[in-house]
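**Student:** Sending over a structure as structure tokens; questions will come in a sec.
The values are calculated or read from the model by the stated rules, or taken from the named source; none is laboratory data. Since we're looking at a predicted model, the values are computed, not measured. Because the Cβ atoms are built from the backbone with ideal geometry, glycine has one as well, and the counts that use them run over all protein chains shown. Surface accessibility is based on the protein's heavy atoms, side chains included, excluding ligands, DNA and RNA. Shrake-Rupley method; radii C 1.70, N 1.55, O 1.52, S 1.80 Å.
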Amino acid sequence: MIKDVTAKRFGNLTVLSYAALNRHGSSMWTCRCDCGMNRVVNRMHLVNGASHDCGRGNRCPIVRLRNFMEKVKIDQSGCWLWIGGIRRDFGYGVFSLGHGKSHNAHIASYTIFVGPVPKGTFVLHKCDNPPCVNPEHLFLGNQTDNMADKTSKGRQAKGECHGMSKLTDSSIFEIREAF
């Protein structure tokens with residue numbers, strides 16, 4: 001006797017209909033994930049919680065959003081601070097949108113909440129806070145916009161702090177005084 005689970009919910013799955021018995025005699029059920037994908041699932045996997053979504057990992061928008069927000073802490077300034085993995089170079093968070101490729105977390109945030117980032121376009125921060133992933137603090141720009149934003153916020157290296165600098169500020173002062 002097959003126990004009917006039609007129309008019941010298990011995690012993000014709603015059972016649509018009975019599918020068949022598998023080769024072990026377990027009942028299989030066609031389910032729909034909240035993201036819209038259908039999947040045939042063993043009844044026992046539904047009941048014990050082993051299957052609770054479409055099974056596509058971070059390619060499922062429901063799972064992706066849940067996984068993303070688990071790595072966010074909202075501070076008093078309104079920034080959504082990334083508490084997941086951080087890149088050492090510039091302090092940006094790291095997040096995978098599926099397909100085995102990692103992205104900067106602020107770019108992933110823009111993609112999840114706003115839409116795709118066109119090729120050759122940068123995702124910039126209004127708040128100038130690299131770990132912030134609040135989509136309201138992000139905007140798109142080109143390379144020129146990115147450089148102008150960096151300069152206007154005082155992040156452009158100059159003087160002896162510039163990586164190509166040969167002279168210190170004090171040696172430049174001494175040279176100018178000598179003439």
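**Student:** In nm, give the distance between the simple-model label positions of residue 114 and residue 87, each being 7 Å from the Cα along the Cα-to-Cβ direction.
**Tutor:** 1.7
**Student:** Do any of 73/119; 8/71; 101/153; 71/126 go past 23 Å between their Cα atoms, and which?
**Tutor:** Too far apart for the 23 Å limit: 73/119; 8/71; 101/153.
**Student:** Also, quick follow-up: Rounded to whole Hz and in sequence order, give me ³J(HN,Hα) for segment 82-99 from the Karplus expression 6.51 cos²θ - 1.76 cosθ + 1.60, θ = phi - 60°, writing x for Gly and Pro.
**Tutor:** Those phi angles translate into 6, 10, x, x, 10, 6, 5, 5, 10, x, 7, x, 10, 8, 9, 8, x, 6 Hz.
**Student:** Sticking with this structure for a sec: What does the accessible area per residue of segment 100-152 come to in Å², with a 1.4 Å probe and no ligands, DNA or RNA counted?
**Tutor:** With the other protein chains kept in place, segment 100-152 gives 53 Å² per residue.
**Student:** Going 7 Å from the Cα of residue 65 along its beta-carbon direction, which residues of segment 87-121 have the amide nitrogen within less than 15 Å of the resulting point?
**Tutor:** The answer is 109-115.
**Student:** Turning to a different aspect of this structure: So what does residue 137 come to for accessible area, using a 1.4 Å probe and Å² rounded to 10?
**Tutor:** Solvent-accessible area, nearest 10 Å²: 40 Å².
**Student:** Follow-up. If R0 is 41 Å, what FRET efficiency do you get for residue 20 and residue 94 from their C-beta distance, rounded to 0.05?
**Tutor:** 0.50
**Student:** Here's something else I'd like to know. Could you tell me which residue out of 127, 44, 114 lies farthest along the dipole of segment 1-128 toward its positive end? Charges go on the beta carbon: Lys and Arg +1, Asp and Glu -1, centred on the Cα centre.
**Tutor:** The residue sitting farthest along the positive end of the dipole is 44.
**Student:** Also, quick follow-up: Rounded to a whole number, what % of the accessible area of the chain do carbon and sulfur atoms account for, probe 1.4 Å?
**Tutor:** Carbon and sulfur: 55 percent of the exposed surface of the chain.
**Student:** Let me know the charge dipole size of the chain about its Cα centre in debye, to the nearest 20, where only the beta-carbon of Lys, Arg (+1) and Asp, Glu (-1) is charged.
**Tutor:** 1020
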